[in-house]
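Presented below is the structure to which this report refers.
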Amino acid sequence: PYDVLVVGGGPAGAAAAIYAARKGIRTGLVAERFGGQVMDTVGIENFISVPYTEGPKLAASLEQHVKEYGVDIITGQRAADLTRKQMIELELQSGATLLSKSVVLATGARWRELGVPGEAEYKTRGVAYCPHCDGPFFKGKHVAVIGGGNSGIEAAIDLAGIVKHVTVLEFADTLRADDVLVRKARSLPNVDIITNAQTTEIVGDGKKVNGLAYTDRESGESKKLALAGVFVQIGLVPNTEFLKDSDVGMNPMGEIEIDSRGATSIPGVFAAGDATTVPYKQIVISMGAGATAALGAFDYLIRSSVD
Ligand code: FAD
């Protein structure tokens, strides 16, 4: 069995594995794909101390750093269930089971996609999901935010300070965001809000986004907007479906509940990064959380090991 088994190979998982392995304890890392969301990112300008890098490059450095520590890395495997008996048992979709004295869950999250033509084609070429990450790339330009919930309206307020103009498109007839956010957004001169708008297509010139098409659900009319960027803000889904039959405590959104040491509701099971209730989902934040969870697991091990 492992002392610490990390589930996930994104920034949180990589940091957890390095911190655990540096304690000289038997560390394993199982992930579907090393690098996580970072692999889907092009420019990264907020990884502190590195003014600019690109996702695949950062992912390769993460993997190389983990490999320097003799961590047992298993990729191409999906976790399917977790149970705590004498040991913590992580069942994989392949049918195999991994045993460990402690576990760090770092399976991340994924942005909910619109599923309209052009979205996949123009991802990272005008279609964006993270205003903290990609907002500055659209300085001085017109952008749209799809989604009028809290994350959409927060994104609109945030982007309004950076870009030239923001149009918010909400499918329903009212915004679902908190009143205070809606009032703030409506007070900004360069933010327009359109409700009853069903986005039907993201269009571009073959290289990058130059607009979008939507249907006015009231009149049935098709309309077009000229834009340089589209921020899709219709939800971030944690990759925690495999825990639904486990006893790991989660909030209604499926985010794993953790304390300040990364501990979950199950003794010996820790969690970090975008899969948790952490309010801000970013690379540096995930890495810090991964380190915290690994140190939490180490503390747990030195207090519980009697063998
Ligand atoms: P993830 O990176 O999501 O990694 C999850 C890991 O778990 C992966 O290895 C995955 O394969 C694995 N996994 C998932 N489910 C299972 C399972 N059942 N079994 C086994 N393994 C599993 N943040 C920034 O700070 N700056 C940016 O510029 C930036 N740009 C972004 C651009 C895009 C397009 C996206 C999508 C995100 C961006 N982010 C950015 C956010 C950042 O990527 C995330 O906050 C960060 O990657 C979260 O790290 P994580 O380790 O928690 O999860």
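The values are calculated or read from the model by the stated rules, or taken from the named source; none is laboratory data. Predicted, not measured: the structure shown is a model, and the values here were computed from it. As a convention, Cβ positions derive from the backbone with ideal geometry for all residues, glycine included, and neighbour counts pool all protein chains shown.
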Within the stretch 1-44, the residues that are more than 13 Å from the chain's Cα centre (by Cα), more than 6 Å from the ligand (Cβ to nearest atom) and either assigned to a helix (DSSP H, G or I) or among the basic types (Lys, Arg) (or both) are Ala14, Ala15, Ala16, Ala17, Ile18, Tyr19, Ala20, Ala21, Arg22, Lys23, Arg26
For the stretch 99-116, pairs from a residue that is near the ligand (Cβ under 10 Å from one of its atoms) to a residue that is among the acidic types (Asp, Glu) and modelled with pLDDT of 95 or more, with Cβ under 9 Å and 6 or more apart or across chains, are Ala106/Asp274; Thr107/Glu32; Thr107/Asp274; Gly108/Asp274; Ala109/Glu255; Ala109/Asp274; Arg110/Asp274
Checked Ala120, Ala59 against criteria (in a loop (DSSP other than H, G, I, E, B) and over 18 Å from Phe242 (Cβ atoms)); the one match is Ala120
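Results for (1) touching a residue at least 40 places away in the same chain (Cβ under 8 Å); (2) more than 29 Å from Val145 (Cα to Cα); (3) charged (D, E, K, R); (4) more than 12 Å from the ligand (Cβ to nearest atom), shown as yes or no for each residue.
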site: Ala228; (1), (2), (3), (4): yes, no, no, yes
site: Leu236; (1), (2), (3), (4): yes, no, no, no
site: Leu243; (1), (2), (3), (4): yes, yes, no, no
site: Gly249; (1), (2), (3), (4): no, yes, no, yes
site: Ser260; (1), (2), (3), (4): no, yes, no, yes
site: Ala275; (1), (2), (3), (4): yes, no, no, no
site: Met287; (1), (2), (3), (4): yes, no, no, no
site: Gly290; (1), (2), (3), (4): yes, yes, no, no
site: Tyr300; (1), (2), (3), (4): yes, yes, no, yes
Restricted to the stretch 71-98 and to residues being in contact with a Ser or Thr (Cβ under 8 Å, 6 or more places away or on another chain) and more than 14 Å from the ligand (Cβ to nearest atom), the residue farthest from Ile266 (Cα to Cα) is Asp72
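Looking only at residues in the stretch 129-145 that are part of a strand (DSSP E or B) and among the hydrophobic types (A, V, I, L, M, F, W, C), which one is nearest to Gly229 (Cα to Cα)? Outline the logic, then answer.
Of the stretch 129-145, the ones part of a strand (DSSP E or B) are 142-145.
When the remaining residues are screened for being among the hydrophobic types (A, V, I, L, M, F, W, C), the result is 143-145.
Values: Val143: 5, Ala144: 6, Val145: 9 Å.
Per the stated criteria, the residue is Val143.
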